[in-house]
Each structure stands twice: as structure tokens, then as C-alpha cells.
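Q: Quick one: this structure, given as C-alpha cells, is what I'll be asking you about.
The values are calculated or read from the model by the stated rules, or taken from the named source; none is laboratory data. What you see is a predicted model; the values in this text were computed from it and never measured. Neighbour counts run over all protein chains shown; Cβ positions are idealised from the backbone, glycine included.
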Amino acid sequence: MLFQFAPAIQGGIDAGKYLQVFSNGVPLSMARDTVTGKFVGHAIGATVNNSPLSPLIAASNLVTSGAQMYQTQQGFTAVLNGLQTIQTSLGVLQATTALIGVGTVAGIALTAVNLHQTLKLRKEVEQMRLEVKNGFIDLKQALKDQGVEIRQIIEQVAQDIKFEQHRTALVRAYGVFIQAMNRFRSAMQLQDFSRRNAEIDDVRGMLFAALADYSNPHLLEETCAAGQLRRLECAWAIEQAIVATYQVQNEVSAVSDRLSHLQDKICQDALTVIHRCESHDELDFLFPEIIRIKNHDLVVLDSWQNHVDWMRSLPSSELKLLSSADFNSPDTHYSTINLAEPPEQLVYESLTEKSHFYSLRDQLLFIFEPELRREYEFYISQEAVITGYKTLVTSNLQQASDLTVANLYYYFNIRDKSKDETEVVSAN
């Protein structure tokens, strides 16, 4: 992730007057005067792979909120903005489950709420053109341009008894979450430190209760891969709100620990969902979304943790400089929703022309399970020796793309199976 600064700050950096802050070689979202050491500004934006940062779930507003807590009001504002982002994302992600349902889902339904469409819905909610009620939006109205078939699927899901059980649990969890958010906002206004902390402790308990409903293993097990991903995304959003409660209490060790745990959990949950994927329709839905989560959301969470760990390492003199800083800069805008077709979708469409279902699914697995790729490389290199493909040595395979490795694996795997079948027939 590359941070973008206001023109005046960037000009100072280019001229050598200011320096961007780094921690263990990792860029942070602040700049300081090269002579005095004073902190002079926060970044106002960020890019990932030359595209504006646009996470699906992560509240990028919270990346600098820890540092801004030392400017008190700026920190509170950043946290409140982050909570609003989480609330919006949670409402939209949960709402789409009313189209995905519980069991087998129609491909057209997944297309209607894929990454691209979900980003559009989030924009509609942010601009208050759609209202979230009890954690759901009127999908018939929101997707009225999608055609009659979509409206029929929405009706079918609404009448499904199994989904109604899930919906009841989600409505209850969302209600607890909203109560917690309202209580959190009120707690942030309290001047008495002990009373504020006690209120925030209670808020955190409410958030853990909501998280338990979203993470209910029984309900997750009943859903298809796409539905499971959406419920897990809701849980990840709640986890960020929990982290924020620790952050406003300046419990930086707890913040760092929970952020590390959340990143690990997202990776493990992603693996679980990918392994559950059983159809092209589901893969079409999952692949772009999981890539966006890997390239944007996990990057945001990692940056947030880098900022927190940096603050933990600062001596008291540096913390004093940070608390006295007057950034006086425009509001940060890390998250930008581009309503054009997501690049992840375009990349996936390109891959589908050169690969097949199992290879594509394994390419997604490679991202979170690199040891699987190494197993494939070893298998390919063994087969290459047998078949005389001299260039397919381990050193070359390590430089190859995930597409190449997965395709080669299945080329040799299918070849082996055909050979075995031929030998069985000959033996008989």
C-alpha cells in the first residue's frame, strides 16, 4: 500500500524538507520535519497495485486512528468514521444473504450480488439512497433493474423455512450490534475516564455476543460456500469494531494481538470457503471477492497493526511530539469505491480462458496455502524427469505463475490417471 499526501506535504517530501515515517522498512501514513522531527501531516489517501484503496470489509479510517488518539478529538473522529464504515459494510453484506439463501444457489443470484454489485449497493447505502432495516435492505427495489428472475429468487428465499431461521438469527445479531454502536458513540462523549472505560467494556461484551451469532458454526455449516463467505465477512466486520474498543482505551497490546488474530482468521476462513466451493457459479462469485480481500482488506489490517506496533515502540519523547502535533490537514479518504468493473473480475475472466475449475480453485488456494503450491512444484518436477521435460526443474517452477503451476499439475495428474487406467485395461 502506497500512501498519498496532500500536495503541500508531498512537495515537502520531494524537496527533502519532510520525510515519510517508516517502521522497520514499512511505510506509515505520517510525515515529519527532517530538521525538527515534528510530525507535520497524515496521508489523505492510499493506493494498492496502482488502484485506489477500496477494501470490501476493512475500515481503512481506523489505520491512523491509533496515532490520532494522541490528538484526542481527531482520534475520536477517525474511530467514529471507522465505525460508520463497518456499520454500512455489515448491513450490505448481510442483506445480500437474502438472495444467496442457505442451500444450493442459482448462478444468476450470485451474479446479482457479486463483488461489483455489492460495491454498488454499499455506495447506495452510503449516499442514503437505500435504507438498512434490521440488517437488511429492500433487494427487490435495489435490484429492480436485474429482471424478473431475480425478484422470483428473492421471493423463493424469503419463503424458505431454513433461511427464515438464519434470517431471525442475523436480525437479532445485527440489532445487538447497532445497540452496541449507539452505546459506543455515547460512551466516547463521556468526560469521566473511569465511566467511559466501563461503558466501553460493556459495549465490547455486546459486540462479542453479536459475533457469536455471526460465527455460529451450526449456521455456517448449513450454508453454501458463497453464503458462508458473506456471513464470515460480517463476523470480520464485528471483529474490527471490537479492536476499536480496545484502541480508544489505549490498550495497544490488545489491539495488536487482535489484529494479528483477525488476519490469521481471515486467511483460515478463506481456505475453508474455497475448499467448500463445488461449482463454477460459486467460483465465479468467490474468486474476485477473495482476491479483493487479500489485496485490499488484509493490507489495511496489516497497515493498522504496523501503525499500532510502531506506537508501542515509541519512547515517551516521541509520544509527546505526536500528542503536540497539529496536522491541520484535510480529512483522510483511504477508501474509494470505484463503480467500474473491479480489476479482480477482469483478472479472473482472463484466467478462465486459460484454465479450468480445479486449476482455478487451486490457484486461489495457493494464495493462502503456499505449501500446497510447493507440493505441486515437487510433483511436476518428478513427472518432468520421467517424461523428459528438462526445463521443468524446481528453480524454474518457483518463478512460474500460479496459473502455470496449477495447469501443469493437472496436465501430469490427468496423464498419470490415463496411464493407470490403460495399464488396468491391459492387465485384464
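Q: Take G147 and tell me if it is surrounded by fewer than 16 Cβ atoms within 10 Å (Cβ to Cβ) and either on the phi > 0 side of the Ramachandran plot or charged (D, E, K, R) (or both).
A: Spelling it out, G147 is indeed surrounded by fewer than 16 Cβ atoms within 10 Å (Cβ to Cβ) and either on the phi > 0 side of the Ramachandran plot or charged (D, E, K, R) (or both).
Q: Go through the residues of the stretch 337-357 one by one and say whether even a single one is at pLDDT 95 or above, out of contact with any strand residue (DSSP E or B) (no Cβ under 8 Å at 6 or more places or on another chain), of a type in the set (K, R) and surrounded by 13 or more Cβ atoms within 10 Å (Cβ to Cβ).
A: No, the stretch 337-357 contains no residue that is at pLDDT 95 or above, out of contact with any strand residue (DSSP E or B) (no Cβ under 8 Å at 6 or more places or on another chain), of a type in the set (K, R) and surrounded by 13 or more Cβ atoms within 10 Å (Cβ to Cβ).
Q: Is it the case, given these coordinates, that F163 is surrounded by 19 or more Cβ atoms within 10 Å (Cβ to Cβ), modelled with pLDDT under 95 and either under 27 Å from I293 (Cα atoms) or of a type in the set (F, W, Y) (or both)?
A: Criteria met by F163.
Q: Same structure, new question: Quick one: would you say V79 is assigned to a loop (DSSP other than H, G, I, E, B) and of a type in the set (V, I, T)?
A: Answer is no for this residue.
Q: Moving on. For the stretch 247-284, which positions are at pLDDT below 95 and either in contact with a strand residue (DSSP E or B) (Cβ under 6 Å, 6 or more places away or on another chain) or closer than 19 Å to V203 by Cβ (or both)?
A: Answer for the stretch 247-284, where residues must be at pLDDT below 95 and either in contact with a strand residue (DSSP E or B) (Cβ under 6 Å, 6 or more places away or on another chain) or closer than 19 Å to V203 by Cβ (or both): Q247, V248, Q249, N250, E251, V252.
Q: A follow-up question, please. Filter the stretch 170-194 down to the residues that are under 16 Å from A244 (Cβ atoms) and of a type in the set (G, A, S) and list them by number.
A: Listed by number, the residues that qualify are A180, S186, A187.
Q: Let me ask something else. Against the condition of a type in the set (G, A, S) and in contact with a helix residue (DSSP H, G or I) (Cβ under 7 Å, 6 or more places away or on another chain), how does A209 come out, does it pass?
A: yes
Q: For residues in the stretch 1-56 being among the β-branched types (V, I, T) and in a strand (DSSP E or B), which is farthest from the chain's Cα centre (by Cα)?
A: So, considering only residues that are among the β-branched types (V, I, T) and in a strand (DSSP E or B), the one farthest from the chain's Cα centre (by Cα) is V40.
Q: State yes or no: is A225 in contact (Cβ under 8 Å) with a residue 60 or more places away in the chain, in contact with a Cys (Cβ under 9 Å, 6 or more places away or on another chain), of a type in the set (A, V, I, L, M) and crowded, with 17+ Cβ neighbours inside 10 Å?
A: Criteria met by A225.
Q: Check whether at least one residue in the stretch 205-212 is in contact (Cβ under 8 Å) with a residue 40 or more places away in the chain and surrounded by fewer than 19 Cβ atoms within 10 Å (Cβ to Cβ), and report yes or no.
A: no
Q: Can you tell me which residue among T64, T96 is crowded, with 23+ Cβ neighbours inside 10 Å and not assigned by TED's automatic domain parsing to the domain that holds R231?
A: Sole residue among the options that is crowded, with 23+ Cβ neighbours inside 10 Å and not assigned by TED's automatic domain parsing to the domain that holds R231: T64.
Q: So which residues in the stretch 1-52 are surrounded by fewer than 14 Cβ atoms within 10 Å (Cβ to Cβ) and either small (G, A, S) or within 30 Å of R292 (Cβ to Cβ) (or both), if there are any at all?
A: Selection gives L2, P7, A8, G11, A15, G16, F22, N24, G25, G37, N49, N50.
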